[in-house]
Amino acid sequence: MNPVGQPLEQRPLTTKLILAGILGLIVFVMFQIAPQLLSSPGGDTAILGKSEVREKAAAFAAKQLGYEPGSQDEWVILYKTDSSFYGYMSREKLLTDYSKNKLDQRYPFDVYHAVLYTSGEPAARLAVDLNMYTGEVAAFAVGADADAAAGLDYGERPAASAIKRPGTITSASSEPDLSLERKESLARPWLQLWGANPAKLKIEANAEGYGLVYSDSSVKVGESRLNYQFNYLDGEVSYFRAGFSAPAWHDTYVAGQTSLAKKLTLFGYGLPTVLLGILALIYSILRRKHTSWKRGVFLSSVHFLIMMVSSYNVLSESGSGSAEARITAVVMFIIYVLYSLLMSLMLYFSLVGGDGLWRSEEKLNPWPHAKEPGYGRYVLNSIRAGYVWAFVLLGVQTVMFIILSYTMDNWSTTDASQSPYNMKYAWLLPIVAWLAGLSEEAVYRLFGIRMLKKLVKNTFIAALITTLIWALGHTLYPIYPVSSRPIELTVVGLLFSYIFLRYGFITVMFSHVVFDSILMGATLIFMQDKVNIGAGIVTIILPFIVGYLVYRFNPPRGQAPAEPVKPI
């Protein structure tokens, strides 16, 4: 960082740092990008478009379920995943064999969940799950089971008896009155349609809430046998799915880890972050003579706008046009607005308070403003350093993944709530990178490090504490064991702290944005369609474009005489 009052100069990129960046990028591509390209479930087959999925779902509903289309029908297409079974396979290293044996084509763990609504009615009429690559049907539900399944991850059991909302289909289940012979008779046509021979299947005595479950011991994935699961309603099959389920012990483990993650997030991240926000407000007032209240307005406003766009983009689709659905949408919108406003205010006070603390107590200039001589060139050099450091960070994170996989047997699973397939516009996903790079570096580095240093009197310990707080905020990601995530991010976070202390806020902000943009850009490229491939490429180069535009609008000017700095 430059001393206050001195001309702006960014540290030059050394040959060693550039080589480290190249090596980091190579490691990232070899161990994270290449394996995903080679293990794509669909191979060279592109993922189906949602319009094609609607057509296939409607055709199945008409042909196999006898549904007659209506003028007010609306199909809502969502991405669903059996995160439990995928996680089990990931944990037990079974994913490669599952794909090699082409079980992922016949019994996919990722599906498009097509739900049929009638305009003005809150309840779903029926639901069909389809393979995302081939369009083959993997499961279906009708009536109350369809309404229940609409809110579940793929693979979870819909419990029709739990549907109590007003307006929902409330026909009493006829399952208790059905004999086993009648259940088998109703199930037989569906088993034959799926190519199964009922004579070779075993009826499970403990159906775990289903009306009937067949198992095929000849097809196993680890401890999981192939199951054919049925529910019944009004004397007919109301739910059917062919596939696998994770063992109960695995689900129990994940539930315990999720509970731990929530506690770590609340007490290790949430409460300390709120405290930092309060302190940022206080020190914005106490150090106002050394900074400007205007400085954080633009960035905080941009942050608020991005948060609102991002929140809108991830709102779940609903085909229900009922008053209940509209009220829920309005309430959720108000909550998002208030949350976005709160986070943007925290960013604003962190920018102002952090800038004031460094200038008043360290006589350093961590966040130069545009009127300072050499600002444009400084930003351009900062973005260059940001890219190189982002490559280093990607390599370090990849190495951490490898180390943790051997030392802690860590593994990850899927999460439909974070998938771009459930966003209104997947190509908007990378705007989250700008949120993280801006807000997290302002709160935990620009303000947090200097604030904690006042208490612990040591820069490294201050950086370590703020890094731990930041790392614990990522424990709800589907990576297990939960303790592996803070370890990985503590290493990454300390590197972000090092970048900030040596290069300043602009460089560390860009390094964080580039780091996340590459990860999210790669996610879009993996989606394979032209729009998202193009958006992914633009995402990766956008930080440089932004930095270059800042440089062009702030051309080099004559240097003003430097103000003398009093010795500390």
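The values are calculated or read from the model by the stated rules, or taken from the named source; none is laboratory data. All of these numbers come straight from a predicted model, not from anything done at the bench. Don't worry about glycine lacking a Cβ; one is built from the backbone with ideal geometry, like all the others, and counts go over all protein chains shown.
Table for the structure above
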quantity	calculated
Unique residue being under 30 Å from residue 347 (Cα atoms) and among the hydrophobic types (A, V, I, L, M, F, W, C) when the list is 212, 201, 226, 279	279
Check on residue 264, more than 27 Å from residue 372 (Cα to Cα), surrounded by 15 or more Cβ atoms within 10 Å (Cβ to Cβ) and out of contact with any strand residue (DSSP E or B) (no Cβ under 6 Å at 6 or more places or on another chain)	yes
Where a residue in the range 385-405 is outside the structural domain of residue 12 (by TED's automatic domain parsing) and its partner, wherever it lies, is assigned to a helix (DSSP H, G or I), with Cβ under 7 Å and at least six apart	none
Helices (runs of 4 or more DSSP H) contained entirely in the range 473-561, each with at least 3 residues that are without any contact (Cβ under 8 Å) to a residue 12 or more places away in the chain and not small (Gly, Ala, Ser)	530-553
The one condition in (1) at pLDDT 75 or above; (2) part of a loop (DSSP other than H, G, I, E, B); (3) at negative phi that residue 195 fails to fulfil	(3)
So residue 502, is it buried (at least 22 other Cβ atoms within 10 Å of the Cβ), within 28 Å of residue 402 (Cβ to Cβ) and of a type in the set (D, E, K, R)	no
Among residues of the range 473-490, those that are crowded, with 18+ Cβ neighbours inside 10 Å and among the aliphatic types (A, V, I, L, M), counted	3
In the range 383-414, the residues that are outside any helix (DSSP H, G or I) and either of a type outside the set (Ser, Thr, Tyr) or over 18 Å from the mean Cα position of the chain (by Cα) (or both)	408, 409, 410, 411
Conditions (1) surrounded by fewer than 16 Cβ atoms within 10 Å (Cβ to Cβ); (2) of a type outside the set (Val, Ile, Thr); (3) at pLDDT 75 or above; number of the one not met by residue 116	(1)
So residue 79, is it buried (at least 16 other Cβ atoms within 10 Å of the Cβ), in the same structural domain as residue 112 (by TED's automatic domain parsing) and closer than 24 Å to residue 518 by Cα	yes
Matching helices (runs of 4 or more DSSP H) fully within the range 28-143 where at least 3 residues are over 21 Å from residue 420 (Cα atoms)	50-64, 83-91, 95-100, 103-106
Those residues of the range 208-230 which are crowded, with 17+ Cβ neighbours inside 10 Å, assigned to a loop (DSSP other than H, G, I, E, B) and modelled with pLDDT under 95, in sequence order	210, 211
The range 189-203 residues that are among the basic types (Lys, Arg), paired with ones that are surrounded by 13 or more Cβ atoms within 10 Å (Cβ to Cβ) and modelled with pLDDT of 90 or more (beta carbon under 9 Å, 6 or more apart)	200/216; 202/214; 202/215; 202/216; 202/225
Residue identified as in contact with an Asp or Glu (Cβ under 6 Å, 6 or more places away or on another chain), within 28 Å of residue 136 (Cβ to Cβ), hydrophobic (A, V, I, L, M, F, W, C) and crowded, with 18+ Cβ neighbours inside 10 Å among 201, 191, 233	201
Candidates 553, 544, filtered to the one that is at pLDDT below 95 and surrounded by fewer than 22 Cβ atoms within 10 Å (Cβ to Cβ)	553
Given (1) at pLDDT 95 or above; (2) within 21 Å of residue 473 (Cβ to Cβ); (3) polar (S, T, N, Q), index of the condition residue 301 fails	(2)
